[in-house]
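Q: Got a structure here, written out as structure tokens. Questions coming.
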Amino acid sequence: MSDGTALAGPDGRLRCPWGLSTEDYIAYHDEEWGRPVHGDDALYERLCLEAFQSGLSWITILRRREGFRAAFAGFEIAKVATFTDADRDRLLLDEGIIRNRAKIEATLANARVLADWAPGDLDTLIWSHAPKTPGPAPKTVGEVPAITPESTALSKALKKKGLRFVGPTTAYALMQACGLVNDHLADCSARRS
């Protein structure tokens with residue numbers, strides 16, 4: 001049982017405890033989570049996946065990520081923006097993704113909104129909400145927030161621009177996943193790599 005501090009993995013490296021629960025998580029924790037992500041399509045993908053994760057465990061989304069990528073044309077904003085009602089109906093039947101009507105419709109609507117933005121605008125907007133100075137490294141999982149003033153501001157900015165399913169908790173999960181904040185625990189080896 002963990003007290004919420006970093007734990008040694010099978011290779012002896014200290015990791016955030018959540019990153020040790022499955023092999024999928026070990027790879028995601030070590031290679032992706034908290035690493036800077038740039039590019040409108042890449043950030044749109046992460047935003048969509050974080051929205052689909054709402055109310056579910058991340059491992060559910062992680063294990064279906066390739067299904068999501070296939071279903072949503074690699075999360076290319078320009079392609080998803082052209083999806084029709086028939087595409088929505090197809091997605092509602094796709095067992096490779098989470099078949100939640102509201103989340104699917106938000107993914108399609110968000111692509112239509114973003115298709116009208118200039119290249120780089122989504123990247124610029126999201127990264128403009130990165131904290132100006134990093135906070136202290138959390139020592140335990142309990143010290144990691146679910147929302148912050150920056151994630152609340154990002155959520156408001158995205159909603160003001162017409163995006164859906166982008167609440168403050170989803171915005172903070174996006175900030176963590178895409179490296180706007182570094183919430184790897186203080187003793188976690190990924191924090192220093």
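Q: Restricting to segment 6-38, name every residue that is touching a strand residue (DSSP E or B) at 6+ places or on another chain (Cβ under 8 Å), surrounded by fewer than 19 Cβ atoms within 10 Å (Cβ to Cβ) and small (Gly, Ala, Ser).
A: If the condition is that a residue be touching a strand residue (DSSP E or B) at 6+ places or on another chain (Cβ under 8 Å), surrounded by fewer than 19 Cβ atoms within 10 Å (Cβ to Cβ) and small (Gly, Ala, Ser), then Ala8, Gly9 are the ones that fit.
Q: Only one of (1) buried (at least 17 other Cβ atoms within 10 Å of the Cβ); (2) in contact with a Phe, Trp or Tyr (Cβ under 9 Å, 6 or more places away or on another chain) is not met by Lys79, so which one is it?
A: Result: Lys79 fails condition (1) only.
Q: Next question, about the same structure. Could you go through segment 178-192 and let me know if any residue there is assigned to a loop (DSSP other than H, G, I, E, B), farther than 19 Å from Ala51 by Cβ, of a type in the set (Gly, Ala, Ser) and at pLDDT below 95.
A: no
Q: List the helices (runs of 4 or more DSSP H) inside segment 1-77, counting only whole elements, that have at least 2 residues being modelled with pLDDT under 95 and either within 30 Å of Pro119 (Cβ to Cβ) or among the charged types (D, E, K, R) (or both).
A: Of the helices (runs of 4 or more DSSP H) lying wholly inside segment 1-77, those with at least 2 residues that are modelled with pLDDT under 95 and either within 30 Å of Pro119 (Cβ to Cβ) or among the charged types (D, E, K, R) (or both) span 23-31.
Q: Across segment 123-143, which residue is surrounded by the fewest Cβ atoms within 10 Å (Cβ to Cβ) among those that are touching a Gly at 6+ places or on another chain (Cβ under 9 Å) and under 20 Å from Arg46 (Cα atoms)?
A: So, considering only residues that are touching a Gly at 6+ places or on another chain (Cβ under 9 Å) and under 20 Å from Arg46 (Cα atoms), the one surrounded by the fewest Cβ atoms within 10 Å (Cβ to Cβ) is Ala130.
Q: Name the pairs whose Cβ atoms lie under 8 Å apart, with the first residue in segment 100-116 and closer than 14 Å to Asp87 by Cα and modelled with pLDDT of 95 or more, the second among the β-branched types (Val, Ile, Thr) and assigned to a helix (DSSP H, G or I), and 6 or more positions between them or separate chains?
A: Thr107/Val80; Leu108/Val80; Ala111/Ile77; Ala111/Val80
Q: Okay, moving on. Mind listing whichever residues of segment 150-168 are among the β-branched types (Val, Ile, Thr) and farther than 14 Å from Leu49 by Cβ? Step through it out loud before you land on a result.
A: Applying the first criterion (among the β-branched types (Val, Ile, Thr)) to segment 150-168 yields 152, 166.
The answer is Thr152, and nothing else.
Q: Return the residues of segment 96-131 that are polar (S, T, N, Q) and farther than 12 Å from Leu154 by Cα; say none if nothing qualifies.
A: Once the filter is applied, which keeps residues that are polar (S, T, N, Q) and farther than 12 Å from Leu154 by Cα, segment 96-131 yields Asn100, Thr107, Asn110.
Q: I've got another one for you. So which pairs qualify, if the first residue must be in segment 150-163 and on the phi > 0 side of the Ramachandran plot, the second must be among the hydrophobic types (A, V, I, L, M, F, W, C) and modelled with pLDDT of 95 or more, the Cβ gap must be under 6 Å, and the two must be at least 6 apart or on different chains?
A: Note: pairs meeting the criteria are Gly162/Val113.
Q: Within the group Leu163, Leu174, which residue is over 28 Å from Pro17 (Cα atoms) and surrounded by 17 or more Cβ atoms within 10 Å (Cβ to Cβ)?
A: Every option except Leu163 fails the conditions.
Q: Restricting segment 184-193 to residues that are buried (at least 21 other Cβ atoms within 10 Å of the Cβ) and not aliphatic (A, V, I, L, M), which is farthest from Arg35 (Cα to Cα)?
A: Residues of segment 184-193 that are buried (at least 21 other Cβ atoms within 10 Å of the Cβ), as a first pass: 184-185, 188, 190.
Retained after the next criterion (residues that are not aliphatic (A, V, I, L, M)): 184, 188.
Numbers: His184: 10, Cys188: 14 Å.
Checked segment 184-193; the qualifying residue farthest from Arg35 (Cα to Cα) is Cys188.
Q: Exactly one condition in (1) of a type outside the set (Ser, Thr, Tyr); (2) at negative phi; (3) in contact (Cβ under 8 Å) with a residue 24 or more places away in the chain is false for Gly74; which is it?
A: Failed condition: (2).
Q: Being hydrophobic (A, V, I, L, M, F, W, C) and within 18 Å of the chain's Cα centre (by Cα) is the filter here, so list the residues in segment 81-108 that pass it.
A: If the condition is that a residue be hydrophobic (A, V, I, L, M, F, W, C) and within 18 Å of the chain's Cα centre (by Cα), then Ile97, Ile98, Ala102, Ile104, Ala106, Leu108 are the ones that fit.
Q: Which of the residues that make up segment 99-136 are under 23 Å from His38 (Cβ atoms), part of a loop (DSSP other than H, G, I, E, B) and touching a Leu at 6+ places or on another chain (Cβ under 7 Å)?
A: His129, Ala130
Q: Pairs only if they're at least six apart or on different chains, beta carbon under 7 angstrom, first in segment 39-59 and farther than 12 Å from Thr170 by Cα, second among the aromatic types (Phe, Trp, Tyr); list them, first residue then second.
A: As it stands, the answer is Asp41/Phe75; Tyr44/Phe75; Glu45/Phe75; Ile59/Tyr25, since those pairs meet every condition given.
The values are calculated or read from the model by the stated rules, or taken from the named source; none is laboratory data. These numbers were taken from a predicted model, which means no experiment stands behind them. When we count neighbours, we look across all protein chains shown, and the Cβ atoms used for this are built from the backbone with ideal geometry, even at glycine.
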